[in-house]
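Notes follow once the structure below has been shown.
The values are calculated or read from the model by the stated rules, or taken from the named source; none is laboratory data. Predicted model, so just to flag it, every value in this text is computed and none were measured. FYI the Cβ positions are ideal-geometry reconstructions off the backbone, even for glycines, and counts take in every protein chain you see. Remember, those area values only see protein heavy atoms, side chains included, never the ligands or the DNA or RNA. Shrake-Rupley method; radii C 1.70, N 1.55, O 1.52, S 1.80 Å.
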Amino acid sequence: MNRRIITALATVSVASSMLFAQGVNENQLAYQNVNTKNSAKNIILLIGDGMSTAQIATADAYLGSLDGKIYDQLSFEAFDHQGLTTTYSGSQLITDSAAAGTAIATGSKTYNGAISVDMNKNKLKSILAYAEDAGKATGIVTTTRVTHATPAVFISNNVDRDAENEIALDESDSGVDYLAGGGYRYFVGKNNKEGLKSKRTDDLDVVEMMAQDGYTTFISEDETSDFLNYNPKKGDKVLGLFGYSHLDYAIDDANQPTLAQMTEKGIDLLSMDDDGFFMMIEAGRIDHASHANDAVTAIDDTLAFNDAVQVAIDYYNTDPENTLIIVTGDHETGGLTLGFAGTYYDSAFATLSGQTISYESYSYNQFADYKASHTVNNCSLSDLESDVENYFGLTDLNDNERASLEAALKRSVAGEVIVGNTTQDYLLYGGYEPFVMEITHILNNRAGIGWTSYSHTAVPVATFAQGPGSEQINGVFDNTDLFNFMVNVLN
Ligand SMILES: [Zn+2]
């Protein structure tokens, strides 16, 4: 199967230039009326946010390096059918997650920032709503806030992705049977009895409202073990929100359910429905780590995603005639690539295994403490060399690395804020903590990993499918076609 992917990668540039030469619409039409003889009772759609071929291949090379090999393979790379998916939005070549998610969920191109509304701001119906109409059970799982763009497009409509208070209300009313992820802050009321911090701007308690509608609720890290011990019964409805905002990165190992655990509980519940089920599972933070160019954190979240896919595969193996699995990304983030000018043809992915914490956790905890207790005049790299070694595995710093770390440290401690994207400073640190960014730059450089952006890119993503109707996933197609493919198999 590896050869298949390599061939697919080699054809990217040729195929995408053909796509634009012919005109995108002609190509899309060719896919609109694909008929499949196969229908599927269950659809499990898994989306890696910000996950393109490079994020997958980086995880492959990292896994391989741990075993002394050049390369390994994630579970879904062996699926029977694969293709490349274009991701441009209705307004821009480079999409955001709202427009990309809307394309997948509704089959319509829209502007960046739109939550399942079209270019004219009319509401669009999602594949999840069609599945509900067909009597199927439905579920949404994510590692971000459940009101964040990718989960939101399946169970709400809004002209603005940032209207998360409104999106939470839509979601509470969507009829979804299983909703699990982070972001309780838009659900708990301002004066909730647990004393949890709320960001609601009205007097509603959406958790209470959903409980009254029959949802079993698990709110905050404190209820993680209750959730893990809970045995769903047929017809149950579940709301699980295990963090104030996004769930923590896999590498930081918080007291929250893993993506695989949330997936497994959801499949246990939804598969009891006689009419079948539709479930969307998102690894939402491969994107965030890629924005910050933190390769190891992105890889760990990709591996956690792979574990969730494995749960879907295990279920598929019990019911292969009735279950379609689709694995895709919504766009690429960071302009990640395997190779860097400073390392020629060499790479050293095993170097990455020394990192034990995300850039985010180190910035907000250990490094924030250091900053709070030091000034530009008394800060020194020598105070932090043990951190650099213990948390990032970096030893034997050379003179250049030392100098750039020392300079970045002074800028961090001075509290410099980098505004706008026009300065060299932005290219260096992207608005993140300079000292922590310098550590990840050194790690990337030593491993032989390159990044071109702190935003998304327009590189096509890879899509993989297994099960009835999966033969539609073939060649180069647009993200809107994923909606058509799913509608086809649901009849
Ligand atoms: Zn993003």
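Against the chain, whose longest principal axis comes from its Cα atoms, helix 53-66 is set at around 60 degrees. Calculated mean residue ellipticity, 222 nm, the chain: -12500 deg cm²/dmol, from DSSP H runs (n ≥ 4) at -39500 (n - 2.57) each, averaged per residue and rounded to 500. Between the Cα long axis of helix 399-413 and the first principal axis of the chain there is an angle of about 70°, rounded to the nearest 10. Helix 259-270 and the longest principal axis of the C-alpha atoms of the chain enclose an angle of approximately 10°.
Counting only protein chains, not ligands or nucleic acids, how are Ser358, Ser380, Ser386 ordered by accessible area (probe 1.4 Å), most first? Don't jump to the answer; show the numbers that get you there.
Numbers: Ser358 0, Ser380 35, Ser386 60 Å².
Largest accessible area first, the list is Ser386, Ser380, Ser358.
According to the square roots a ≥ b ≥ c of the eigenvalues of the Cα gyration tensor, what is the shape class of segment 209-335, taking rounded for a/c under 1.5, prolate for a/b larger than b/c otherwise, and oblate for the remainder? Because a/c hits 1.5 or more and a/b fails to exceed b/c, segment 209-335 counts as oblate.
Anything over 28 Å Cα to Cα? Flag those among Lys41/Lys237; Lys136/Lys197; Lys121/Lys197; Lys197/Lys371, in the order listed. Pairs exceeding 28 Å: Lys136/Lys197; Lys121/Lys197. Under 23 Å of direct C-alpha separation, and excluding same-chain neighbours fewer than eight residues apart, Lys190 reaches these lysines: Lys199.
Listed by chain and number, the aspartates and glutamates placed with their C-alpha closer than 15 angstrom to that of Lys233 are Asp177, Glu264, Asp268, Asp273, Asp274; residues fewer than eight positions away on the same chain are left out.
Excluding same-chain neighbours fewer than eight residues apart, the aspartates and glutamates reachable from Lys193 by a Cα-Cα span under 13 Å are Asp205, Glu208.
Taking the highest mean first, how do the peptides 389-399, 213-223, 426-436 order by number of other beta carbon atoms within 10 angstrom per residue?
So the order, starting with the most tightly packed, is 426-436, 213-223, 389-399.
With a ≥ b ≥ c taken as the square roots of the eigenvalues of the C-alpha gyration tensor of segment 419-468, please select rounded if a/c is under 1.5 and otherwise prolate if a/b is larger than b/c or oblate if it is not? Cα axes put segment 419-468 in the prolate bin.
Projecting the Cα positions of Val417, Tyr364, Ser353 onto the charge dipole of segment 337-450 (unit charges on Cβ atoms of Lys, Arg, Asp and Glu, taken about the Cα centre) puts Val417 furthest along the positive direction.
In segment 35-121, Cα pairs under 8 Å separated by at least six residues give a relative contact order of 15 percent.
Amide H contacts of Thr138 (H built 1.01 Å from N, in plane; Pro and chain starts excluded): Asp177, Tyr178, Phe278 sit under 5 Å, all sequence-distant by 5 or more or on other chains.
For segment 103-113, putting each phi into the Karplus relation 6.51 cos²θ - 1.76 cosθ + 1.60 with θ = phi - 60° gives couplings of 4, 5, 7, 10, x, 10, 6, 8, 7, 4, x Hz, in residue order, rounded to whole numbers and with x for Gly and Pro. Computed 3J(HN,Hα) for segment 468-484, one whole-Hz value per residue from the Karplus formula 6.51 cos²θ - 1.76 cosθ + 1.60 where θ = phi - 60°, is x, x, 5, 5, 5, 7, 7, x, 9, 9, 8, 4, 5, 5, 4, 4, 4, glycine and proline marked x.
The mean sequence separation of alpha-carbon pairs under 8 Å and at least six residues apart, normalised by the residue count of segment 225-337, gives a relative contact order of 28 percent. Counting DSSP beta bridges in the chain, what percent are antiparallel, to the nearest 5? The antiparallel fraction comes to roughly 30 percent.
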